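*Asks:* Can you read through this structure? Questions will come right after.
All of the numbers you see were taken from the coordinates with simple rules; none came from a lab. These numbers come from a predicted model, not from an experiment. Reconstructed Cβ throughout: ideal geometry from the backbone, glycine too, with neighbour counts over all protein chains shown.
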Amino acid sequence: MAKKETAAKKDGNVVFGTLRKMVLASVGVVGVAQDEINHLLERMVERGEITEKDARRLLSEAQKEFSRRRKSGQTKAEKELESIMEKMNVPSKGDIEDLTKQVAHLSKRIEELKAEMNR
């Protein structure tokens, strides 16, 4: 049984690490895309294809959209990770905290019973 739990935990760490790398890579891609849009708009302004005011407006709109999508993507990734970890029976932080509280309560109760027996 312990081997299964250890394997599930190891698999969970691998999955978490992979998802973390994917999220960081997507953030990097967004940064590159923002830079490319900025350079494109600068070139368009230099060529007289758009005004500087329009370029600033477009850049601002693009940044807002990137931010919105990044937040949405993080939320989806977090939900997916939670789902994967749940399927692998990896305990959540809340589960571990609950068990810690139960162990502390039981330890206290054992000490109380020991004290009663020694009387």
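*Asks:* Taking H placed 1.01 Å from N in the peptide plane, check which residues at least 5 places from I50 or on another chain put their amide H under 5 Å from its amide H.
*Replies:* V45
*Asks:* Which order do I110, I50 fall in if you start with the one that has the fewest other Cβ atoms within 10 Å?
*Replies:* I110, I50
*Asks:* Mind listing the phi-derived Karplus ³J(HN,Hα) values for the stretch 46-54, rounded to whole Hz, using 6.51, -1.76 and 1.60 with θ = phi - 60°, and x for any glycine or proline?
*Replies:* With coefficients 6.51, -1.76 and 1.60, one gets 4, 7, x, 6, 9, 7, 5, 4, 5 Hz.
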